[in-house]
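Asks: Following this message is one structure expressed as structure tokens.
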Amino acid sequence: MRRATSTPPELPGYTSLGLLGSGGFADVFLYEQRLPRRKVAVKVLLTEELGRDTRAQFVAEANLMAQLSAHPFIVTIFHADVSADGRPYFVMEYCSGPSLAERYKREPLSVEDALRTGVRLAGAIATAHAAGILHRDIKPANVLTNDYGWPALTDFGISSNLEGELPVHTVTAAELGATGSASGTGQSAVGLSVPWSPPEMFDDDPTPDPRSDVFSLAATVHTLLAGRTPFEIPGRSNGSLDLMGRIERGAITPIGRSDVPASLAAVLAKGMATRRDDRYPSAVEFARALQRVELELGYAATNIEVPNLAAERDAESGDDDGVDATRARSVQTVQAQAPVAPAPAAPPRVAPPPVDEDRTQVRAPQQIAAQPPAPSPQAARPVDDSTVLRPRGAAPAPSPAADRTVVRPAAPAGPVPYEPSAAPTETRAPRRSRIGVVIAIVAAVVVAAVVTVAIALSGAPAPEPTSEANPGGSGEDALLGEQVPVPTVEVAGVDGASVTFALSHDDAEEGDRYRWKRADGSGGIEVSEGPTVTVENTAGGIVCIDVQVQRGSKTSEEVRGCTE
């Protein structure tokens, strides 16, 4: 039976506006903050559920969300405190739009919208993983929509760090069978959302890792497209135990839409693979697979919002051959219409350069030879002392140049008398220009020679040429002396659950430390004071770490060590 909702607490500086939703341990209310004036969502913990573990879980959720609040697709937390009646609460960003659960139940999302949403959520989840946080409950109901229509991931209530040190609440298959909670809602009493959960979460002692969140995200995208959960079969029994059996067998129900390409269905199936090793190793890799589908369908690739993603991409091998790059179409050149037939006595003109079909051209100004004046005094027309843009047909008499935009050289105002030397002067202008260029080049060579001779006579060394390999010239020797020695990484021991690496470096100094991280990007950066590092390896396979020596504010080049 559904419990009664609590009453909103009196909070200084806030006015209660109503109830937004209820959960197992808390209610969420809509408030208006007075200064600055805005609507906010306030999550309030129930007083009757204030056990020690529950309180610790609530505090942990507030702290976790505060760590991730800068991400554009994670709900922002503004404040946390305890109300006057003793109920802990925290104040969050109010997302006015519906959750993804409400959206897909009304109508499945378009392929473009589902892809964009999946990439954005993958960036949010990868950011949490980089901070050492597993969400553990990714599903459409936990993704809200903000005022801009963007997805906003929320509800880190059963999150944990990568070592599982924070309080967790899960339901096992044995407990589901004993309590009879396989009701068909797919939602257990204390937080395990069965329809979107990976099979490893059904163990008596679950050990999730980043690939578990990848499974739940892929299941969420599948749900948005199909309008139902991935392992639900219409017209059949879809209780929790039914779904758990299908999840463990990998029996995904087809989406059933003709506009969903086979490549997208394959990406989602890999993300929901039964064996963890068969899934994408990280949320970023899943996002890139969705980007490839976007490009295949002609959509712009959605950005993956993850800190330091550019550096992470540079470290990878180029197996994708640039398929993730945004491609720009070449500009098509449109040919001008044929000009009006020229008059019989057209003056000679300089031939235009040949048209290159693959690029846009800038035409050079046309040299127009002066014509002798007609007997009538009106033939000598004044020339406007400005650049003239003449549209088609606007010329006083038809000519071969009448259909082009002509940039005419400026001329003195007033009538221009005809002079026999005018035409030769115009044809000689380019020659004078070429002579000026030659003179400038000769002068530059002379100056360079004088400088070289002066340096040689003074006995000062000539400056070293700079290049990409030697950007600093002679200063590079000084920089090399300040470099931190690179580490040596060796495998010291391997057992079934972990790998131990031995770290060392030359010319060690007091205070030197080692910065390291897993090469697959599944964890954040760790710092070790000692000469050994132990890395968890419960999934088996090759384990690689990237290590740097840190000396004060400087770090060495990165060195990778692997078990094989």
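Asks: Please compute the net charge surrounding Asp81, taking Lys and Arg as +1 and Asp and Glu as -1 over other residues with Cβ under 13 Å from its Cβ.
Replies: Here the count lands on 0.
Asks: For Ala66 and Ser96 in the same chain, what is the full-extension length gain: residue separation times 0.36 nm, less their Cα-Cα distance, in nm?
Replies: Difference between extended and current length: 8.8 nm.
Asks: Please state the relative contact order of segment 483-562 as a whole percent: Cα pairs under 8 Å, 6+ residues apart?
Replies: 38
Asks: Note down the net charge around His135, summing +1 for each Lys or Arg and -1 for each Asp or Glu among other residues with Cβ under 9 Å from its Cβ.
Replies: -2
Asks: Enumerate the amide H contacts of Ala492 below 5 Å, restricted to partners 5 or more residues apart or on another chain; note that Pro and chain-start residues carry no placed amide H.
Replies: Residues meeting the amide H criterion: Thr500, Phe501, Ala502.
Asks: Compute the length gained on full extension between Leu241 and Ser16: take 0.36 nm times their separation in residues and subtract their Cα-Cα distance, giving the result in nm to one decimal.
Replies: Taking Leu241 through Ser16 to full extension adds about 76.9 nm, to one decimal.
Asks: Where does each of 259-269, 203-213 land if you order them by average Cβ count within 10 Å, highest first?
Replies: Result, highest mean first: 203-213, 259-269.
Asks: Give, in nm to one decimal, the length gained when the segment between Glu557 and Ala508 is fully stretched (0.36 nm per residue of separation minus the Cα-Cα distance).
Replies: Going from the current span to full extension adds 16.1 nm.
Asks: Taking H as built 1.01 Å from N, whose amide H comes closer than 5 Å to the amide H of Leu192, not counting residues under 5 places away?
Replies: For Leu192, the qualifying residues are Val171.
Asks: With an 8 Å Cα cut-off and a minimum separation of 6 or more residues, compute the relative contact order for segment 14-93 in percent.
Replies: 24
Asks: Amide H of Phe73: which non-local residues (sequence gap of 5 or more, or other chain) have their own amide H closer than 5 Å, using H built in the peptide plane?
Replies: Long-range HN contacts for Phe73: none found.
Asks: What does the charge count near Gly18 come to, summing +1 for each Lys or Arg and -1 for each Asp or Glu among other residues with Cβ under 12 Å from its Cβ?
Replies: It works out to a net charge of -1.
Asks: Which semi-axes, in whole Å and largest first, does the equivalent ellipsoid of segment 14-93 have when worked out from the alpha carbon gyration tensor as the square roots of 5 times its eigenvalues?
Replies: Working from the Cα gyration tensor, I get semi-axes of 20, 17, 11 Å.
Asks: When averaged across all projection directions, what area in nm² does the alpha-carbon convex hull of segment 1-147 cover?
Replies: 9.9
Asks: Turning to a different aspect of this structure: Using the Kirkwood radius built from alpha carbon pairs, what does the Stokes-Einstein equation give as D for segment 483-562 at 37 °C and 0.692 mPa s, in µm² per second?
Replies: 257
Asks: Further question on the same structure: For a protection proxy built on the mean count of beta-carbon atoms within 10 angstrom, sort 77-89, 106-118 highest first, please.
Replies: Ranking the peptides 77-89, 106-118 by packing returns 106-118, 77-89.
Quick note: the coordinates plus some simple rules give every number you see, no bench work behind them. None of these values were measured; they are calculated from a predicted model. FYI the Cβ positions are ideal-geometry reconstructions off the backbone, even for glycines, and counts take in every protein chain you see.
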